[in-house]
Amino acid sequence: MASLGLTRQVNTSVIEFPVVRPRRSPSFGFNKNRVGFRVLAQGAEEPDLSVTVNGLKMQNPFVIGSGPPGTNYTVMKRAFDEGWGAVIAKTVSLDAAKVVNVTPRYARLRAAANGSAKGQIIGWENIELISDRPLETMLKEFKQLKEEYPDRILIASIMEEYDKAAWEELIDRVEQTGIDAIEINFSCPHGMPERKMGAAVGQDCVLLEEVCGWINAKATVPVWAKMTPNITDITQPARVSLQNGCEGVSAINTIMSVMGINLNTLRPEPCVEGYSTPGGYSSKAVHPIALAKVMSIAQMMKKEFGDKDLSLSAIGGVEKGGDAAEFILLGANTVQVCTGVMMHGYGLVKALCSDLKDFMKKHNFSSIEDFRGASLDYFTTHTDLVRRQQEAIRERKAIKKGLQSDKDWTGDGFVKESESMASN
Ligand SMILES: Cc1cc2nc3c(=O)[nH]c(=O)nc-3n(C[C@H](O)[C@H](O)[C@H](O)COP(=O)(O)O)c2cc1C
């Protein structure tokens, strides 16, 4: 497919930036044919939030991230009814009997003074595993949802052990329910790596390459690989996943964390029978880290896969439309929300859509594609920042000094040249 790209005239410089497109259809590319933004006329239609990603049409880019908000039929139905663009179900595996959860499994960080129960929640640690519900039950519910909501996008999140036959069986069984796409959980940071699952695969590019090969040889729907941030360079597993047939990358899963130590009992939190284990950190506090990871992946995708039909789903600390706008400005096609839904409920999508529309109206953007990736090219190296600053200082000094010599006077710029040498 021809590459997409968008060229925008800002002040005097021309800035090129990425735009979307679609295994089988729109995704991560650059529209060379589009020049400038469409401007919303006074009283014109509302901005269009709909997106088409890997051929999947969503009414808005807001996707329920895999976790408690996608654990069963009742809550996923609720998400569709409230207007979420897509739902990614809680991660399933073949044998739920091996998944044994503990309680408490969440610990929260508040913005107020240490220990205060009143401050705003800014960080959320969980030591929750993948779905502990029988696979048969989850599959029955996927099928029922797709029958009741044929036009809505339901994505299965799956994870298996390092066993080709197990992956093939799981893919076959979830696909038979009619789901629209699959997200592979290569990123669960706790519990599952002990069984060579989740982050154990996502952190090992050799294993990842082999497992992606198995998965993509079997899958007939688009496949997104969900990345762990608990790795030095997140672009490496993202690149391997895309090179080995995945249609998209999702990032980030939770960040390895220890929420704290109870200074009365001296035991770590969340405390289960006096003991704890490191868990996954999410919510507002991870948003800046997620932005950095998504920015790195987006730059890599633009540079190395710009002409391919690939997509990027951004996740981490989204609670406001502006948080989502930031991810889209970096090149994300969709934006997932997990902890935000646990804190504010499914109705959050209405506020997210309304915030995002306000942002789009302010900038005269009529569609998500009008601004997707618009901020990506403003990231550079520190060395380049130094070079740019030195150049700017040189220019400012030159302006202050006026002309270097009488031979530099020009007829056309005479008035400005005179002003540049005046003191007031
Ligand atoms: C309680 C809880 C359970 C989660 N379970 C899963 C899971 O089963 N599969 C998965 O891929 N991600 C899981 N996640 C990770 C989220 O999908 C998401 O990547 C992460 O929380 C960051 O986004 P957020 O700040 O919007 O929550 C879970 C997160 C939380 C908080």
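Side notes on the structure shown:
- Normalising by residue count, segment 171-230 has a Cα convex hull of 85 Å³ per residue.
- For Lys401, a cut-off of 26 angstrom between C-alpha atoms picks up these lysines, skipping any fewer than 8 places away in its own chain: Lys416.
- Environment charge at Gly123 (Cβ cut-off 11 Å; Lys +1, Arg +1, Asp -1, Glu -1): +2
- Here Lys407 is the anchor, and the aspartates and glutamates within straight C-alpha reach of less than 18 Å, apart from those fewer than 8 places off in the same chain, are Glu417, Glu419.
- Sequence-distant aspartates and glutamates (8 or more away, or on other chains) whose Cα lies within less than 15 Å of Lys320: Asp355, Asp358
- Beta bridges per DSSP with both ends in the chain, % antiparallel, nearest 5: 45
- Rounded to the nearest whole angstrom, the semi-axes of the ellipsoid equivalent to segment 47-203, taken from the Cα gyration tensor as √(5λ), stand at 26, 23, 14, largest first.
- For segment 119-252, the share of alpha carbon pairs falling in successive 5 Å distance bins from zero is 2, 10, 20, 22, 19, 14, 8, 3, 1, 0 percent.
- Under the Debye formula (equal points on every Cα, no solvent term), log10 I(q)/I(0) of the chain at q = 0.06, 0.12, 0.13 Å⁻¹: -0.29, -0.96, -1.11
- Taking label positions 7 Å along the Cα-Cβ direction at both Thr103 and Ser50, the computed distance is 4.3 nm, reported to one decimal.
- Counted charge near Met301, where neighbours are those whose Cβ lies closer than 10 Å (Asp, Glu -1; Lys, Arg +1): +3
- Checking the Cα-Cα distances for Lys57/Lys303; Lys196/Lys284; Lys57/Lys196; Lys218/Lys293 against a 32 Å cut-off, the pairs over it are Lys57/Lys196.
Throughout, read-outs are computed from the coordinates displayed, never taken from laboratory work. Please read all numbers here as calculations on a predicted model, not as lab measurements. Here Cβ is always computed from backbone atoms with ideal geometry, including for glycine, and neighbour counts include all displayed protein chains.
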